[in-house]
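For reference, the structure is listed below as structure tokens.
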Amino acid sequence: MRTRMAGARFWLLAAGAGVVSAAVLLATAELVALVTAREVSPLLAVGSFVIDIVPQPLKELAISTFGEYDKIALLAGLCLAVVVASSIAGLVELARPLWGVALLTVGAALATAAILTRAGATTFAFLPPLAGAAAGGAVLWLLTRRLRAWRDAASAPSPESDAATGSAVAPNRRAFLTLALISAAAAVVVGVGARAVSVATSSIAGIRDALRLPAPRSKVSIPAGAELDVPGLSPLITPNSDFYRVDTALTVPSIDPQSWRLTIDGMVEQPLELTFQELLDRGLDEYAITLTCVSNEVGGGLVGNAIWTGVPVRDLLRLAKPTGGADMVLSRSVDGFTAGTPLETLTDDDRDAILAVTMNGEPLPFEHGFPVRMVVPGLYGYVSATKWLTQLTVTTFEKDEAYWTPRGYSAKAPIKMSSRIDTPRAGTPIDAGAIAIAGMAWAQTIGIERVEVSIDDGDWQPAELSAPLNDDTWVQWRLAWEATPGTHYITARAVDNDGTVQIQERAPIAPDGSTGWQRLLITVR
Ligand SMILES: Nc1nc2c(c(=O)[nH]1)N[C@H]1C(S)=C(S)[C@@H](COP(=O)(O)O)O[C@H]1N2
Ligand SMILES: [Mo]
């Protein structure tokens, strides 16, 4: 009985040795990445690979379960997978010397393959996992050898007295534990240190802070009455800190505007390359545009309005001269994300599709695409709003597919008209008396003509609208209401300047955006 218990302990320690070896592997990889391939931290690169390959329903489940923390959840899951796999490697190594090391190497090889698929992976991107596998493999081999020596000593025949066994066991045990503790500590110090140095030295926060961009030649004029004053109503201009963020980037790309280049290529007579300064030299103008995500549910918050400065995309395309037959522009981010936008939308003189460099008076925040992103009125973000932009390829929808197209979303996706009730809120009881029902409504490129509200399925009552900035932005609306105690249904719908009524029928976000009227159940005390 005692020996079996003791045997189980050695298996547990073998698993532990596996985990320590994996930590050594990862730390070594981070350290080597610091000098050879800064762009791709090995663990994060594998994480990004996972983001790109997980099936769409799983991705949606992750987002709906973890929300803004979906990327942290992914990293936690990845770490758990590493712990499980390396424990197995440790067990295998104890059972069969070098087999566990082989398993660890296979793991590193799979990671290498994933890393090499990443945009931004350099020729030397294979070095970090390779060096990591060598160090981790060596530690696993040494640790397990010592563990075996300890086990052999402990199970040596004829232990007449505990003292006799103890003398043979103690040095072996010490040898194993010392190496295990030193390796684990070194892995933590080196791994965390390398990551910290990488983040600190590649930080371009200082460069962004120091950036002085030319003042725009033209400003957006804000008409009187553009903003209604209702507590709980969203502001007309969404502050950058509150602006929704949606992207596939596990780490926000850091791009130095000095080294940034925009390539325009594909089906053009005159391929060109532009520096950040050359873009600025074309002159900046201000544009108010409301961005919307295709994943926004009716009543949801994945929509925001900002004042951007930038340069019209059509002017740059005109320089490049698209050739006949082209009907799509594939915009590419440094991290490999792509969006496909109809060429005619980008060349339309009546549509202000821009390459934006500022957002609400400051250089684009890193999360929103610093230094340059695309913003196109009237199209969902995934088909138009490429952040960390680096390339525009003129092509055709037949020849090329953007990131989300093979993942269950339409190749073309105009924003659908929608309206949202901001106040009162479902689940927050209000006091009886005079209150304002208020919210937002948008129909980019067409504009909102009116918003109507129905209480308890009664007649549609027209709400008061804020003075619109333009047809590309949302408007605020409000309706005065004398709230009576009890529960009530509030339903809102918008009508656009073409007279089209917001679609009543509910549609899910995939493949091209949700529809339906928001209907709230509220409690009045
Ligand atoms: N590089 C990159 N750009 C991207 C995306 C992305 O995943 N990667 N997501 C797009 C989507 S789906 C939307 S809705 C908008 C969101 O822009 P925001 O995060 O600035 O609000 O960015 C678009 N641009
Ligand atoms: Mo989106």
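The values are calculated or read from the model by the stated rules, or taken from the named source; none is laboratory data. Quantities reported herein were computed from a predicted structural model and do not represent experimental measurements. Ideal geometry is used to build each Cβ from the backbone, glycine not excepted, and the neighbour counts take in all protein chains shown. We work out accessible area using only protein heavy atoms, side chains counted, and drop any ligands, DNA or RNA first. Shrake-Rupley method; radii C 1.70, N 1.55, O 1.52, S 1.80 Å.
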### Query
What's the center-to-center distance, using Cα atoms, between segment 98-139 and segment 415-467 in Å?
55 Å
### Task
Please identify which residues in segment 61-87 have an amide N closer than 19 Å to a label point set 7 Å out from the Cα of Val106, following the Cα→Cβ vector.
81-87
## Note on the structure
Per the Kirkwood formula over distinct C-alpha pairs, the hydrodynamic radius of the chain in angstrom is 26.7 Å
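May I ask for the percentage of alpha-carbon pairs in segment 83-162 that lie more than 21 Å from each other? Walk me through the numbers on the way to the answer.
Working: 1347 of 3160 pairs.
It works out to 43 percent of all Cα pairs.
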### Summary
Cα convex hull volume per residue for segment 248-313, in Å³, equals 157 Å³
### Query
So for segment 240-407, what percent of the C-alpha to C-alpha distances run longer than 20 Å?
47 percent
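Determine by what factor the alpha-carbon radius of gyration of segment 2-202 differs from 2.2 N^0.38 Å, reporting the quotient.
In units of the globular-protein estimate, segment 2-202 measures up at 1.18.
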#### Entry: Ellipticity estimate at 222 nm from DSSP helix runs (n ≥ 4, -39,500 (n - 2.57)) divided over the chain, nearest 500
-12500 deg cm²/dmol
### Task
Please give the length that would be gained between Ile63 and Ala113 if that part of the chain were fully extended, namely 0.36 nm times their separation in residues minus their C-alpha to C-alpha distance (nm, one decimal).
15.4 nm
### Task
Provide the FRET efficiency to the nearest 0.05 for the Thr122-Ser218 pair, computing r from the beta carbons and using R0 = 51 Å.
0.75
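How much net charge surrounds Trp460 when only other residues with a Cβ under 9 Å from its Cβ are counted (Lys, Arg +1; Asp, Glu -1)?
Its environment carries a net charge of -1.
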#### Entry: Accessible carbon and sulfur surface of the chain relative to its total accessible area, %, 1.4 Å
60 percent
#### Entry: Packing-based ranking, highest mean first, of 347-356, 439-448 given that Cβ atoms within 10 Å are counted
439-448, 347-356
### Message
In whole Hz and in residue order, list the ³J(HN,Hα) couplings for segment 480-487 that follow from phi through the Karplus curve 6.51 cos²θ - 1.76 cosθ + 1.60, θ = phi - 60°; x for Gly and Pro.
### Response
6, 9, 8, 6, 10, x, x, 10
## Note on the structure
Long-range amide H partners of Asp285, meaning residues 5 or more apart or on another chain whose placed amide H is closer than 5 Å, are Arg217, Gly310
### Message
Under 27 Å between alpha carbons, and skipping anything fewer than 8 positions from Lys59 in its own chain: which lysines qualify?
### Response
Lys71, Lys387, Lys399, Lys412, Lys416
#### Entry: Pair Glu505, Ala432: separation of 7 Å Cα→Cβ label points (nm)
4.1 nm
### Fully extended contour minus Cα-Cα distance, from Leu181 to Asp229, at 0.36 nm per residue
11.1 nm
### Query
Working from the pairwise distances between different alpha carbons, so that the mean of 1/r is found and then inverted, what is segment 174-247's Kirkwood radius in Å?
18.8 Å
### Message
Just to be sure I understand: of the beta bridges DSSP finds with both ends in the chain, what percent are antiparallel, rounded to 5?
### Response
90 percent
### Query
At a Förster radius of 45 Å, what calculated FRET efficiency corresponds to the Cβ-Cβ distance of Glu278 and Leu98, to the nearest 0.05?
0.20
### Summary
Result for the chain: accessible area per residue, probe 1.4 angstrom, in square angstrom, of 46 Å²
### Task
Between Asp350 and Thr251, with labels modelled 7 Å along Cα→Cβ, what's the label distance in nm to one decimal, could you check?
4.6 nm
#### Entry: Label-to-label distance, nm, for residues given as Val83 and Trp460 (7 Å Cα→Cβ offset)
5.6 nm
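Quick one: work out Rg over Rh on the C-alpha atoms of segment 385-525, Rh as Kirkwood radius.
Ratio value, two decimals: 1.09.
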### Task
Please give the net charge around Ala432, taking every other residue with its beta carbon less than 10 angstrom from that of Ala432, where Lys and Arg add +1 and Asp and Glu add -1.
-1
